[in-house]
Amino acid sequence: MYSLKSFIIVALVCTSLTVSSLDTARLLVSKQVLNKLLVQDSDILVKYTIYNVGSVPATNVILQDSGFPAEAFATVKGNLNIRFNRIPSGANVTHAVVIKPLTYGRFNFSAAVVQYKSSENAEEPQFAISSEPGEGYIISYAEYDKKFSPHLLDWFAFAVMSLPAVVAPFMLWWVSKSKYELILKQKREKVSKD
Amino acid sequence: MIGPCHCAVVALSLYAMVSAAAGCKYSVDSYTTTDAMIVTEAAFIAQVSVAECEDPPSNLYAEVEGKLVVAANAGPNKYQVSWLDDFKKARRGDYNVKLYDEAGYGQLRKLLRDGESISGVTPVHSAYVRYSGAYRGVWVNSEFLAAIVSLVVLYFAYTFKSKIVS
């Protein structure tokens with residue numbers, strides 16, 4: 001008798017679980033930093049993708065990312081707190097924000113939080129946490145410039161500095177040559193006069 | 001065959017669009033990532049704000065070059081449309097972003113599903129997002145250029161010298 005009772009309870013729990021998982025929206029959220037390099041005062045592109053893998057639409061989806069403190073980051077374009085009224089079942093939405101770091105150093109890119117209504121009659125909001133991009137090192141602009149800029153000014157300065165070594169001997173030779181030619185010319189004129 | 005009911009729906013949605021277009025003023029502020037040295041993808045972000053609107057659209061959708069994008073609500077009367085593209089695929093120039101409200105989006109999806117032309121659906125607003133092209137670094141390395149220049153100087157110096165000596 002006891003075993004039958006427990007079996008029924010387990011079965012009931014299973015059915016309620018399956019029913020609840022069938023009738024609710026389930027959101028998977030990914031947060032990606034789409035950068036080759038993280039550079040101070042330059043764009044960092046953050047992409048959020050929300051997939052609804054549930055069977056019903058998710059409504060009132062609120063995405064909040066408080067992982068970029070105002071003293072360290074400025075928003076170039078885009079919003080870090082947004083809302084999608086409805087994400088249909090099986091659909092995905094993407095959202096992009098461009099920010100720029102104001103300082104350099106190690107930074108931990110943490111997860112964003114999504115809250116949504118998992119079904120039409122759900123009273124409590126469902127919370128989801130996005131994937132974490134993890135730790136990254138933001139290099140200073142001076143360091144980036146040293147490595148990747150074309151260094152045109154530096155090369156120009158080098159050319160100016162090496163110019164005397166080339167031009168000075170040439171000028172000496174040119175002066176002596178023109179002097180010699182002048183003497184030669186005068187001699188020829190003398191000979192022709194005579 | 002088009003039934004009277006269908007006509008009414010179309011008329012109603014058209015009316016809704018016209019009234020929305022007449023009442024609201026849309027302004028679009030856009031940004032694109034262009035530094036391919038730092039960022040891996042071209043991001044297009046258009047921030048839409050609606051003003052002087054009695055009944056602002058609860059949802060806003062956008063159509064860009066055949067792609068449908070759901071706009072995110074970013075506060076009262078503010079929306080954000082964003083999409084990403086590969087730097088290699090992204091074309092330089094102006095991208096026409098057509099904004100639709102719920103009714104227009106419904107029509108649009110139906111027409112796209114049936115494989116018909118979507119030019120008949122009037123957007124509530126349309127704007128251009130300019131993409132100036134990706135910067136992938138300098139064409140010629142400056143070290144390489146400096147080496148070429150010094151070789152040219154060396155060549156001239158040698159030919160000159162051999163001329164003088166002979």
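Let's see how each residue does on (1) at pLDDT below 90; (2) at the interface with chain A (Cβ under 10 Å from one of its Cβ atoms); (3) loosely packed, with under 12 Cβ neighbours inside 10 Å; (4) on the phi > 0 side of the Ramachandran plot:
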| position | (1), (2), (3), (4) |
| --- | --- |
| B:Asp114 | yes, no, yes, no |
| B:Ala134 | yes, no, no, no |
| B:Ile148 | no, no, yes, no |
| B:Tyr155 | no, no, yes, no |
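Of the residues in the range A:149-163, none is modelled with pLDDT of 90 or more and in contact with a Gly (Cβ under 8 Å, 6 or more places away or on another chain).
In the range B:69-90, the residues that are within 20 Å of B:Gly137 (Cβ to Cβ) reach residues that are assigned to a loop (DSSP other than H, G, I, E, B) and open to solvent by less than 20 Å² (accessible area, probe 1.4 Å) with C-beta atoms within less than 8 angstrom, at least six apart or across chains, in these pairs: B:Phe87/B:Ala36. With respect to the conditions (1) at the interface with chain B (Cβ under 10 Å from one of its Cβ atoms); (2) among the hydrophobic types (A, V, I, L, M, F, W, C); (3) more than 30 Å from A:Pro69 (Cα to Cα), A:Val98 falls short on a single one, namely (3). Scan the range B:71-81 and give yes if some residue there is open to solvent by 40 Å² or more (accessible area, probe 1.4 Å) and modelled with pLDDT of 90 or more, otherwise no. Yes, some residue in the range B:71-81 is open to solvent by 40 Å² or more (accessible area, probe 1.4 Å) and modelled with pLDDT of 90 or more. Suppose the filter is in contact (Cβ under 8 Å) with a residue 60 or more places away in the chain, surrounded by fewer than 16 Cβ atoms within 10 Å (Cβ to Cβ), more than 10 Å from chain A (Cβ to nearest Cβ) and over 21 Å from A:Asn81 (Cα atoms); does B:Gly106 pass it? Criteria met by B:Gly106.
Every residue, every condition in (1) under 26 Å from B:Trp139 (Cβ atoms); (2) out of contact with any helix residue (DSSP H, G or I) (no Cβ under 6 Å at 6 or more places or on another chain), yes or no:
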{"site": "A:Trp155", "(1), (2)": "yes, no"}
{"site": "A:Ala159", "(1), (2)": "yes, yes"}
{"site": "A:Pro169", "(1), (2)": "no, yes"}
{"site": "A:Val175", "(1), (2)": "no, yes"}
{"site": "A:Arg188", "(1), (2)": "no, yes"}
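Here A:Pro150 clears all of (1) surrounded by fewer than 17 Cβ atoms within 10 Å (Cβ to Cβ); (2) within 14 Å of another protein chain (Cβ to nearest Cβ); (3) in contact (Cβ under 8 Å) with a residue 60 or more places away in the chain except the condition numbered (3).
Of the residues making up the range A:65-85, those that are within 12 Å of chain B (Cβ to nearest Cβ) and open to solvent by 20 Å² or more (accessible area, probe 1.4 Å) are A:Thr75, A:Val76, A:Lys77, A:Asn79, A:Leu80, A:Asn81, A:Arg83, A:Asn85. Across the range B:48-70, the number of residues qualifying as in contact with a Gly (Cβ under 8 Å, 6 or more places away or on another chain) and surrounded by fewer than 17 Cβ atoms within 10 Å (Cβ to Cβ) comes to 4.
Scan the range A:120-132 and give yes if some residue there is surrounded by 11 or more Cβ atoms within 10 Å (Cβ to Cβ) and within 14 Å of chain B (Cβ to nearest Cβ), otherwise no. No - not one qualifying residue is present in the range A:120-132. The single residue among A:Val113, A:Val97 that is under 30 Å from A:Gln40 (Cβ atoms) and surrounded by fewer than 17 Cβ atoms within 10 Å (Cβ to Cβ) turns out to be A:Val113. Take the residues in the range A:100-110 that are aromatic (Phe, Trp, Tyr) and open to solvent by less than 40 Å² (accessible area, probe 1.4 Å); name whichever of them is farthest from B:Tyr79 (Cα to Cα). The qualifying residue farthest from B:Tyr79 (Cα to Cα) is A:Phe107.
When the range B:103-119 is filtered for residues that are under 21 Å from B:Gly23 (Cα atoms) and either touching a strand residue (DSSP E or B) at 6+ places or on another chain (Cβ under 6 Å) or not in a helix (DSSP H, G or I) (or both), only B:Tyr105 remains. In this entry, B:Leu99 passes the filter for residues that are within 29 Å of B:Ala51 (Cα to Cα), part of a strand (DSSP E or B), more than 14 Å from chain A (Cβ to nearest Cβ) and open to solvent by less than 20 Å² (accessible area, probe 1.4 Å). Of all residues in the range B:38-86, those satisfying the criterion of being within 12 Å of another protein chain (Cβ to nearest Cβ), within 25 Å of B:Ile118 (Cα to Cα) and not in a strand (DSSP E or B) are B:Pro57, B:Ser58, B:Asn59, B:Leu60, B:Ala71.
The values are calculated or read from the model by the stated rules, or taken from the named source; none is laboratory data. Please read all numbers here as calculations on a predicted model, not as lab measurements. FYI the Cβ positions are ideal-geometry reconstructions off the backbone, even for glycines, and counts take in every protein chain you see. Side chains included, ligands, DNA and RNA excluded: accessible areas come from the protein's heavy atoms. Shrake-Rupley method; radii C 1.70, N 1.55, O 1.52, S 1.80 Å.
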